1. Classify segment 154-313: rounded, prolate or oblate, from the alpha-carbon gyration tensor (a ≥ b ≥ c, eigenvalue square roots; a/c under 1.5 rounded; otherwise prolate if a/b is larger than b/c)?
2. Give me a comma-separated list of calculated 3J(HN,Hα) values for segment 365-372, in order, Karplus coefficients 6.51, -1.76, 1.60 applied at θ = phi - 60°, integers in Hz, x for any Gly or Pro.
3. Check cross-link reach from Lys392 to the aspartates and glutamates: straight Cα distance under 12 Å, and skip same-chain residues fewer than eight apart.
4. Can you list the cysteines of the chain that have no other Cys Cβ under 4.7 Å away?
5. Order the peptides 120-131, 321-332 from the highest to the lowest mean number of other Cβ atoms within 10 Å of their residues.
6. Report the net charge of residues surrounding Leu116, where surrounding means a beta-carbon distance below 10 angstrom and charges are Lys +1, Arg +1, Asp -1, Glu -1.
7. Could you sort the peptides 387-394, 210-217 by per-residue average Cβ neighbour count (10 Å cutoff), highest mean leading?
8. Rg to Rh for segment 292-375: what is it, with Cα atoms only and Rh by Kirkwood?
Amino acid sequence: MKILLINPNRYHHPPVPPLGLEYIQSVLKATRHESRILDLCFKRNLKKTLVETVNEFAPQLAGISIRNIDTALYQNNLFFLDEIKTIVERLSQLGVPSLLGGSGYSFNPAGILSYLGASWGISGPGEKALIHFLDSLEKNPPTEGTVVDGWRWGVDPNLDTTGRGVCVDYPVYMNKGGIAGFETQKGCLGTCSYCLEASSRVIYRKPQKVVQELKELLGQGVSEFHLCDSEFNQNLKYCHEFLQTLISARLPMSWTLYMKSTPYDEELFRLLGASGAKLVTLSLPTGRNGLKHAARIRSHTKKYNIRLAVDYLCGFPGQTPQEVGQDIEGLRRIRPDTVGLNSFIRLYPGAKVSSLAQAGPDGRRFLFGELKDNPGLIRPVFFSSISTNTLKEITGDDPIFRIEGFERTTNYERLKNTPL
């Protein structure tokens, strides 16, 4: 079967190469199915590009990867699904059914499938699930509207990504501020109340396979990378093993990563520094325990010449300005290189905080966004018990703090050329 793998992500702050589609294509190369990546990130005329590609390649199915539903920030929010819907509609007019997937899609698979009018979807990891879906599509096509559970099939720890980078124009991405992504694992053991990926399975890739992937991209001129795991430090033993393997390869690269506040030890940061890690973004829970870990992590990052950014989310049901003020003062003392503040929590159906946020009249008065005719919270709805003005009053003019959404830049971009 011929499948066209489409990247509809046209957000340029920064532009993000379609890592998931590259992994999918790597898997498809070992099968009898034929695939091609259509990257729409920099295309000006979507409909013309779709028509030309469909006429030339003649796909029997289009696989569309949805990275994000929207920017997930209340300030200056951008909603992406309406443009993707025009792509699905155009493909349908051309006689090509659509299969949805991607991390953004997996946050509300049934709702997004219905909103976009696509034929099918895969929620969760798609590398193995897609192969089984394509085989069944030829023999016994699933009912339209079916969502396949990708976790049922899982991920191959020995995923072979040989040839990755050939079908994506990395120089264009790099010239426009993008950096290449890679993964060491799928899933998340966290219990964050606002995230639907929390408490899922975690499958770790073989470190040697990941390092080989990085080595191949380096051979194509790519030297800056961002780790696309939910959080890197979910299993400290695995982190040490991967970093030791990476260090042994002596690759001339730099990279950035996300971490949660535990687990960690000093050895983790020593290995990170030796491996070329330049920036750690710490996803910080509110409260004294999180600050205690942030202070220790800050001392480790300083020692091993790694920049530290903190993503601080507040405004939860029942949270007071006084509690947030205590956290901000703690961060002011710790002095990360930058602290991104966000007091508007994007609500997703099924997330614990979504139920709490909508319970009773007191909760509903803190809801912001499109509440009417918005089943399944497809269009962004936010909860916030802490206003932006309150955050500004608490932080004052301290330059390390910034409120998310007012400027479209990443931690990596802000800190790239600043001295340690």
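What follows draws every value from the coordinates through simple rules; no lab data is involved. Keep in mind that this is a model prediction, so the values were computed, not measured. Note: ideal-geometry Cβ built from the backbone for every residue, glycine included; neighbour counts use all protein chains shown.
1. The shape class here is prolate.
2. 6, 9, 8, 9, x, 8, 8, 7
3. Once the sequence-local aspartates and glutamates are set aside, what remains near Lys392 is Glu404.
4. Within the chain, the cysteines lacking a partner Cβ under 4.7 Å are Cys41, Cys167, Cys188, Cys228, Cys239, Cys314.
5. Highest to lowest by the protection proxy: 120-131, 321-332.
6. Every neighbour counted, the sum reads -1.
7. Averaged packing, sorted descending, gives the order 210-217, 387-394.
8. 1.10
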